[in-house]
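Only one structure is covered here, and it is reproduced in the block below.
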Amino acid sequence: MPIKRPSIVTGEIYHIVIRAIEELKLFRDQRDYFRMIHDLFEFNDEKSTSSYYRQEQNLTRIVLRHKNRECLVEVLAFCLMPNHVHLLVKQLRDGGISKFMRKIGAGYGGYYNKKYHRSGHLFQGKYRIVHIKSDKQLITVFVYIHTNPVAILVPNWKEKGIKGRELQKIIEFLENYQWSSYLDYLGNRNFPSLTVREFLLQIVGGAREGQRFVNDWLQFKKELADFPEVAFE
């Protein structure tokens, strides 16, 4: 766990985690997940933004409006978990990460409190953030963020390991987990307008190599560079 909160510098990349207070579930149903997807897109804008959004009736895909945005950050990767959110972002303008996170906290927090008839803060204190300083750390975070959903199927899997007969089931689960950027990195259009993927694809060596990094970590627990420094356990 990082001890000192890093300085946030424009042009640099950061791994961020926001978590619900009091062990609340951030996402109680599918509409909540879609709402956060909307917010990650809509609130990534220097200009004032609307909290209104619309969905296709079958709930299989949110409609992200194409518009001219003055983006605060580049969202490189993300993963929504039942009680927390992982983000990998590059700050594009001074104060961009802070403004983006404030807008997420107010926008999603307001939606959640209204829907579930509660008041007060939804997220734990300050979001957790760590500076990613090298290509090797970027690969580590790419793998770590996109394997986070394994814990939904196998809690404490990093300590217990994955048995041979479970591996294929887990790989299939990750490659169909709708609430992360992994599908888009594999070339399966999910929320393609939410993330900027070209840079990270170059770092991991393309979609197939990125998939190999993920599967090798699941199967062999191959060492990942600076894992304790960049992953929030």
Study note, to complete from the structure: Candidate cut points under trypsin sites (Lys or Arg not before Pro) in the stretch 79-114, DSSP loop plus at most 10 other Cβ atoms within 10 Å of their own Cβ, are none
Practice item. Scan (1) 23.3, 75; (2) 17.1, 50; (3) 17.2, 56 for the value of Rg and Dmax of the Cα atoms in Å calculated from this model and give just the label. Key: (2)
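So if each residue of separation counts as 0.36 nm, and I subtract the Cα-Cα distance between K222 and A106, what length gain in nm does that give?
This chain segment gains 37.8 nm when fully extended.
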Review point. Among the helices of the chain (complete DSSP H runs), which have Cα atoms covering no less than 20 Å along the helix axis and a Kyte-Doolittle mean of at least -1.0?
Key: 96-116
Exercise for review: Multiply the residue gap between I21 and S119 by 0.36 nm, knock off their C-alpha separation, and tell me the result in nm, one decimal place.
Suggested key: 34.1 nm
Point to revise | Amide H contacts of M81 (H built 1.01 Å from N, under 5 Å, at least 5 apart or other chain) | key: H86
Check your understanding: For the cross-link pairs K4/K114; K4/K47; K133/K222; K47/K133; K25/K133, which exceed 23 Å when the distance is taken from alpha carbon to alpha carbon?
Key -> K4/K114; K4/K47; K47/K133; K25/K133
Review point. Helix-derived [θ] at 222 nm for the chain: sum -39500 (n - 2.57) over DSSP H runs of at least 4, divide by residue count, nearest 500?
Key: -11500 deg cm²/dmol
Check your understanding: On full extension of the chain, what length is gained from E12 through L186, given 0.36 nm per residue of separation minus the C-alpha to C-alpha distance?
Key -> 60.2 nm
Study note, to complete from the structure: Sorted by chain and then number, the residues having a modelled amide H within less than 5 Å of the amide H of I13, at least 5 places away or on another chain, are I132
Study note, to complete from the structure: Applied in sequence order to the stretch 188-205, the curve 6.51 cos²θ - 1.76 cosθ + 1.60 (Karplus, θ = phi - 60°) yields integer Hz couplings, x standing for Gly and Pro, of 9, 4, 10, 10, x, 7, 7, 10, 10, 10, 4, 4, 5, 4, 5, 5, 7, x
Exercise for review: Quickly work out the N68-to-Q30 label distance, labels modelled 7 Å from Cα along the C-beta direction, and quote it in nm with one decimal.
Suggested key: 3.6
Review point. Non-local amide H neighbours of L76 (under 5 Å, H modeled in plane, Pro and chain starts lacking H): which ones?
Key: L88, V89, K90, V196
Revision key, fill the gap. Two pseudo-spin positions, 7 Å from Cα along C-beta at E209 and at K158, lie apart in nanometres by 2.5
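We did not get these values from a lab; they are worked out from the coordinates using the rules stated. Note that the coordinates shown come from a computational prediction; the quantities given were computed from them, not determined experimentally. Reconstructed Cβ throughout: ideal geometry from the backbone, glycine too, with neighbour counts over all protein chains shown.
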